[in-house]
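Beneath this line is the structure, given in structure tokens, with notes to follow.
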Amino acid sequence: MIVVMQPQADEDQIQRVIDRLIELGFDVHRSTGEETTVIGALGVKKEFDAAQIEILEGVREVVRISQPYKLASRRFRSEGTVIDLGGGVRWGGREVVVGAGPGAIESAAQIERIAAGVARAGARILRGGVFRRHGASPAATGAKAAAVPGWALLGEAAARHGLRAAGEARATADVPALVDSLDLVEIGARHMLDDDLLDALGAVRKPVLLERGTGATVEEWLLAADRILAGGNYQLALAERGIRTFEPSTHATLDLAAIPAVHRLSHLPIVVDPSRAASRRDQVAPLARAAIAAGADGLFLEVHHDPDHAMVEGAQSLSLEQFETLMRELGEIAAAIGRRLA
């Protein structure tokens, strides 16, 4: 349930409500908006009498949330959450933020060249894979023998070109090195239901990007988000990267309808990754343009300076020239719907 405080409620009244909820055995989370404070209480029992809280000073109303996810719900935080990645880069506001980089970090020279190219074209985030599996193959490729140095190369290249750095965690053991080296930690689609990893990233204070699992519904995705939020990490964004359907012409079906659905149901920003969905570079640009038109708060794209000779995922990677052209197009689309490319 949520407890909505009156706009004029003072800090003492808010704290008394929080203390009372804790006494009653609830897990309490506070959200302070521009006009009022909302307190989320997890662990509500059917027999609980809401009047125990409604009579407290400063309380406007007590509302039971019907969705199984509570903290990710739009009812918990009516205004959209803005994720601050540092360096003036934010997801969730008027600006649309683009991240780009290779499927695998192959060398220091490679990531340096790509970082320079995507920064010149207008990207604000450098992403790169240290571990990358192609399709369903269990064979890992990329800089797998030197995971931590790979993350360090990514972070250093991003810093030299004024970019924020993003990389994927595959296990809880990865988290400390990623938190130290990067500005954003990704949870890949394969790990959306890894409770240990969700808990580990809920315990840190580092922005997290949660990819939707290929077989997950929007509700299941938001439930996974709730697990991170319950740990106290509210710097969370969602990533749509395609779901499994019966259609064989693409690697996955990019669910553009999830963008307005998430905006309606949740306060979390949503980013779209058309490269992973399409797996063909001739489909990436059209899907990217459509995602911005549908209201995505950002994009993640795979870009390589020589995609035909990339170590992995070259077929879905844009060249630097293609990326630069696409960025100009995206700027025009964002402006047409009242937003702008960061």
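Output the number of the condition that Ala9 fails; it satisfies all remaining conditions of (1) hydrophobic (A, V, I, L, M, F, W, C); (2) outside any helix (DSSP H, G or I); (3) within 19 Å of Leu71 (Cα to Cα); (4) out of contact with any helix residue (DSSP H, G or I) (no Cβ under 6 Å at 6 or more places or on another chain).
(3)
Test each condition in (1) small (Gly, Ala, Ser); (2) in contact with a strand residue (DSSP E or B) (Cβ under 9 Å, 6 or more places away or on another chain); (3) in the same structural domain as Val312 (by TED's automatic domain parsing); (4) surrounded by fewer than 16 Cβ atoms within 10 Å (Cβ to Cβ) for Ala109 and report the one that comes out false.
Every condition holds for Ala109 apart from (2).
Go over the candidates Ala290, Ala310 one by one and state the one that is assigned by TED's automatic domain parsing to the domain that holds Gly103 and either at pLDDT below 95 or crowded, with 23+ Cβ neighbours inside 10 Å (or both).
The conditions single out Ala310.
Tell me, which residue of segment 236-260 that is under 24 Å from Leu201 (Cβ atoms) and more than 15 Å from the chain's Cα centre (by Cα) is surrounded by the fewest Cβ atoms within 10 Å (Cβ to Cβ)? Steps first, answer last, please.
Narrowing segment 236-260 to residues under 24 Å from Leu201 (Cβ atoms): 236-243, 252, 255, 258-259.
Next, only the ones that are more than 15 Å from the chain's Cα centre (by Cα) stay: 243, 252, 255.
Values: Ile243: 20, Ala252: 19, Asp255: 17.
Among those that are under 24 Å from Leu201 (Cβ atoms) and more than 15 Å from the chain's Cα centre (by Cα), it is Asp255.
Among (1) modelled with pLDDT of 95 or more; (2) buried (at least 19 other Cβ atoms within 10 Å of the Cβ); (3) closer than 24 Å to Met311 by Cα, where does His161 come up short?
The failed condition is (2).
Return only the number of the condition from (1) touching a strand residue (DSSP E or B) at 6+ places or on another chain (Cβ under 8 Å); (2) within 29 Å of Ala278 (Cα to Cα) that Ala230 does not satisfy.
For Ala230, the exception is condition (2).
The conditions are (1) polar (S, T, N, Q); (2) part of a loop (DSSP other than H, G, I, E, B); (3) surrounded by 19 or more Cβ atoms within 10 Å (Cβ to Cβ), and Ser66 fails exactly one of them. Which is it?
(3)
Mind checking which residues of segment 188-205 are surrounded by fewer than 17 Cβ atoms within 10 Å (Cβ to Cβ), closer than 23 Å to Gly129 by Cβ and modelled with pLDDT of 95 or more?
Passing the criteria: only Asp196.
What about Ala72, is it touching a Leu at 6+ places or on another chain (Cβ under 6 Å), touching a residue at least 60 places away in the same chain (Cβ under 8 Å) and buried (at least 16 other Cβ atoms within 10 Å of the Cβ)?
Taking the combined requirement at face value, the residue satisfies it.
Let me spell it out: the conditions are (1) of a type in the set (A, V, I, L, M, F, W, C); (2) more than 25 Å from Ala165 (Cβ to Cβ); (3) touching a Ser or Thr at 6+ places or on another chain (Cβ under 9 Å), and Leu268 meets all of them except one. Which number is the exception?
(2)
The values are calculated or read from the model by the stated rules, or taken from the named source; none is laboratory data. Everything numeric in this text was worked out from a predicted model, so none of it was measured. Please note: Cβ atoms are built from the backbone with ideal geometry, for glycine as well, and neighbour counts cover all protein chains shown.
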